[in-house]
Amino acid sequence: MLSVLDALNGQLLAAMERAFPEASARARESGSSPDPQLAPASKPEFGDFQANGALPLAKPLGQPPRQIAAAIVEQLAADPAFSALCLEPQIAGPGFINLTLRPERLTAEVAARLGDPRLGVSTASEEAGGQAPAPVVVDFSSPNIAKEMHVGHLRSTIIGDCLARVLEFRGHPVLRLNHVGDWGTQFGMLITHLKQVAPEALDTADAVDLGDLVAFYRQAKARFDDDETFQTTAREEVVKLQAGDPLSLKAWGLLCDQSRREFQKIYDRLDIRLSERGESFYNPFLQAVVDDLTAAGLLVVDAGAGCVFLEGVSGKDGQPLPLIVQKSDGGFNYATTDLAAIRYRFAPKPEGDGAGRVIYVTDAGQASHFAGVFQVARRAGWIPEGASVEHVPFGLVQGEDGKKLKTRAGDTVRLKDLLDEAVERAEADLRRRLAEEERQEDDTFIEHVATTVGLAAVKYADLATNRITNYQFSFDRMLALTGNTAPYLLYAVVRIAGIARRGGDLEGAGESVAGSAAVAGGAAPCGDLSFSEPQEWALIRELLKLDGVIAEVETELLPNRLCSYLFELSQVFNRFYDQVPVLKADEPARSSRLALCRLTADTLKLGLGLLGIPTLERM
RNA sequence: GGGGCUGUAGCUCAGCCGGAUAGAGCGACGGUUUCCUAAACCGUAGGUCGUGGGUUCGAGUCCCGCCAGCCCCGCCA
């Protein structure tokens, strides 16, 4: 209902201008404009919207706020466009103006959505007047080569995918980049170690399996930490690799291939599409980063290392903190790579990605690192005017004890194991339920439902809390059939599918009216759609919020807003389902209610789809 | 020492640009099934929004101090 909101805002603004022309003129002179403070109503009994703009005017105008509200309302009432949208405004409390949309207006909005595959959500190019929007880079997941994906990659992968889906749906060209760790010191360590203990892994594909590789990596890391000779050799190995030594490159390629195939299994399972573009991709551009920074006069050599000193960030002794872009041994580090990536992503095509927005979905612990990198990139002039670069931080995954999630043995939890357990628990729960209800289902059905529910639960639980806070992981809570969980939402969709199976023609419902409503411009009564029950209106009002919610997620990058919306929609639908008969109702209520069912199912499917969650017909 | 994030009901969490009596879910307690899947619905109880100041018509929300927890702070990513 963003278009309605927009129209109302304009009408309110005009009404305020007419009611208080002098004050408005004064406000305009001082650079500001009067603000109607239009917002969705905080409670259903206040109507659809509330305008709080009268209150702040009380002091400058020297009038009681209710009197100001009354003057605005009087002007509103004189506006025929407003009267076509809303019932008579109500003044409440200290001076709030409560607005309620005309029921026929809501019905028309419903009819319009029934005929619209996008359910009323516009695209970015429509809003930009047909101009193609610049690409958005979403940098997420980013596991390390030669390691397995673990719980630390869970949130970035799920949140990043969801944000990418929302941006894509809104019509942005999205580059989903997997910035895998495939280039740093770690490779020097691993290759050096493998040369000594398992040289076959360096020239034969799959000579050792990934689990062993992970063990080798751990050993290499341990040696690196307390053996100076090994450390030196490993550093030399990195230099060789980065210089393009054929043997090192071959070994590196084999290791990457092997890891890549393992990552892909997880991504396939979670239905996540990613373009791999690891750190190594930026290797050819690292020197240019340092050169650019030198040319810009930003680079300072301090204790042998190439640094850019950060503005507004001081460490101990109040000295500015450096961002090191070239190590004293001449090598580059992750800050260099991150800078090269920013430089490349914002650079115009074909030398770069030509991005207008770059977002990094990484844990909150990297906030200061990114703040530093962004600052340097900005000072170096790599971020064009009007473009934005954003860190999208998220908190730790904690166990139910409130500490960082670990296995019982104290190890990092592998992502594969975590997903397996979710599906196993979902399956056990489903089998128990089927036995209790004496239902017979074949194994294909059970496996499909368990997989869908289990993975949906993991995704939804992660997305449903505000990402900035730490997130307490609990199989029991996420798989619960009640409350704000994936199973609850999936069940709402299943209920609607049930109505269709029992003879409700969802596809046809509302189709005939959709066309006529569009022709009538939505102002006239809409064909056969007819609503009377409060549960119907509540559902309609909820359904019409979709476009606003998606717009909000697009700017705020907070998937939990979408989750809350879908949960509330499910609740309102369940109330409707419980209290209002559909199939047994007489016409025209029956068709109208079927149309609401269809729109609810479409909305839930679309919303869950944007979360990366597929729906079920039966469960 | 410096910086960041967090602190809201017994538990897990929402709370949008500062707006009306601070909201959900779980758990607890009580109710609903000849009717579209009860994986549901209805109701009751439960709060010093960490704490002390400030800003103003109005503060969980903005500013300052303090307390607690977590994280980051020169050549790992």
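Express the accessible area of chain A per residue in Å², computed with a 1.4 Å probe while the remaining protein chains stay in the model.
Numbers: 27950 Å² over 619 residues.
With all protein chains present, chain A gives 45 Å² per residue.
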What percent do you get for the relative contact order of the range A:2-101 when only Cα pairs under 8 Å and 6+ apart count?
-> 28
Rounded to the nearest 0.05, what FRET efficiency do A:ASP225 and A:SER388 give with R0 = 25 Å and r taken as the Cβ-Cβ distance? Could you check?
-> 0.05
Spin-label point model (7 Å from Cα, Cβ direction): what's the A:LEU616 to A:TRP537 distance in nm?
-> 3.6
Enter the accessible area of A:THR555 (Å², nearest 10), with the probe set to 1.4 Å and all protein chains included.
-> 90
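On a 1.4 Å probe surface of the protein chains, which of A:ASP257, A:ASP271 comes out largest in accessible area, and what is the full order? Don't jump to the answer; show the numbers that get you there.
Numbers: A:ASP257 70, A:ASP271 100 Å².
In descending accessible area the options line up as A:ASP271, A:ASP257.
Just to make sure I understand: if all protein chains stay in place, what is the order of A:ARG18, A:ARG102 by accessible area at 1.4 Å, largest first?
On the way: A:ARG18 105, A:ARG102 70 Å².
In descending accessible area the options line up as A:ARG18, A:ARG102.
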Provide, for q = 0.13, 0.18, 0.22, 0.24 Å⁻¹, the log10 of I(q)/I(0) from a solvent-free Debye sum over equal Cα point scatterers in the range A:2-101.
-> -0.40, -0.77, -1.15, -1.35
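Leaving ligands, DNA and RNA out of it, report the carbon-plus-sulfur percent of the accessible area of chain A at a 1.4 Å probe.
On the way: 14390 of 27950 Å².
Of all accessible area on chain A, carbon and sulfur atoms account for 52 percent.
What number comes out for the charge environment of A:SER33, summing +1 per Lys or Arg and -1 per Asp or Glu over other residues with Cβ under 15 Å away?
Details: positive: A:ARG18, A:ARG26, A:ARG28; negative: A:GLU17, A:GLU22, A:GLU29, A:ASP35.
Neighbourhood net charge equals -1.
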Theoretical gain in end-to-end length, A:ALA295 to A:THR407 [0.36 nm per residue, Cα-Cα removed] = 35.3 nm
Solvent-accessible surface (1.4 angstrom probe) belonging to A:TYR267, in square angstrom, nearest 10 | 10
Length-normalised contact order of chain A in % [C-alpha pairs under 8 Å, at least 6 apart] | 15
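What ranking, highest mean first, results for peptides A:407-418, A:59-70, A:486-497 when packing means the other Cβ atoms within 10 Å averaged over each residue? If you can, show how the numbers build up before the last one.
Numbers: A:407-418: 13.2, A:59-70: 16.2, A:486-497: 21.6.
The most tightly packed comes first, giving A:486-497, A:59-70, A:407-418.
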Only Lys, Arg (+1) and Asp, Glu (-1) charged, at Cβ; chain A dipole about Cα centre in debye | 700
Dipole of chain A (Lys/Arg Cβ +1, Asp/Glu Cβ -1, origin at the Cα centre): which of A:LEU85, A:THR465, A:VAL166 lies farthest to the positive side?
-> A:LEU85
Cut-off under 5 Å, modelled amide H: who pairs with A:CYS86 long-range = A:ARG102
Radius of gyration, Dmax [chain A; alpha carbons; angstrom] | 29.0, 87
May I ask you to evaluate 6.51 cos²θ - 1.76 cosθ + 1.60, the Karplus curve with θ = phi - 60°, for each residue of the range A:457-474 and list the ³J(HN,Hα) values in order in whole Hz, giving x for glycine and proline?
-> 4, 4, 5, 5, 4, 5, 6, 6, 9, 4, 5, 5, 7, 4, 10, 8, 7, 8
Which of A:LYS221/A:LYS416; A:LYS265/A:LYS406; A:LYS327/A:LYS406; A:LYS147/A:LYS250; A:LYS147/A:LYS459; A:LYS265/A:LYS349 have a Cα-Cα distance over 28 Å?
-> A:LYS327/A:LYS406; A:LYS265/A:LYS349
How much accessible surface does A:CYS307 have with a 1.4 Å probe, in Å² rounded to 10?
-> 0
Mean ellipticity per residue at 222 nm, deg cm²/dmol - from DSSP H runs of n ≥ 4 across chain A, formula -39500 (n - 2.57) | -17000 deg cm²/dmol
May I have the pair-distance distribution P(r) for the range A:398-475, computed from all Cα-Cα distances with 5 Å bins from 0 and rounded to whole percent?
-> 3, 14, 20, 22, 16, 11, 8, 5, 1
Would you grab the residues whose amide H sits under 5 Å from the one on A:LYS404? Only those 5+ places off in sequence or on another chain, please, with H modelled 1.01 Å from N.
-> A:GLY399
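Counting pairs of Cα atoms in the range A:541-619, how many percent are more than 20 Å apart?
Working: 1126 of 3081 pairs.
Roughly 37 percent, once rounded to a whole number.
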The ³J(HN,Hα) series, computed from each phi in the range A:141-150 with the Karplus coefficients 6.51, -1.76 and 1.60 at θ = phi - 60°, rounded to the nearest Hz and given as x for glycine or proline, is 6, 6, x, 9, 4, 6, 10, 8, 6, 10
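Could you work out the percent of alpha carbon pairs in the range A:185-273 separated by over 15 Å, rounded to a whole number? Write out the running numbers ahead of the final one.
Numbers: 2291 of 3916 pairs.
So the portion of pairs separated by more than 15 Å is 59 percent.
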For the range A:363-393 and the range A:105-122, write down the distance between their C-alpha centroids in whole Å.
-> 39
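The values are calculated or read from the model by the stated rules, or taken from the named source; none is laboratory data. Note that the structure is a prediction, hence the values are computed from the model and not measured. Backbone-built Cβ (ideal geometry, glycine too); neighbour counts: all protein chains shown. Please note that ligands, DNA and RNA were not included when accessible areas were found on the heavy atoms of the full protein model with its side chains. Shrake-Rupley method; radii C 1.70, N 1.55, O 1.52, S 1.80 Å.
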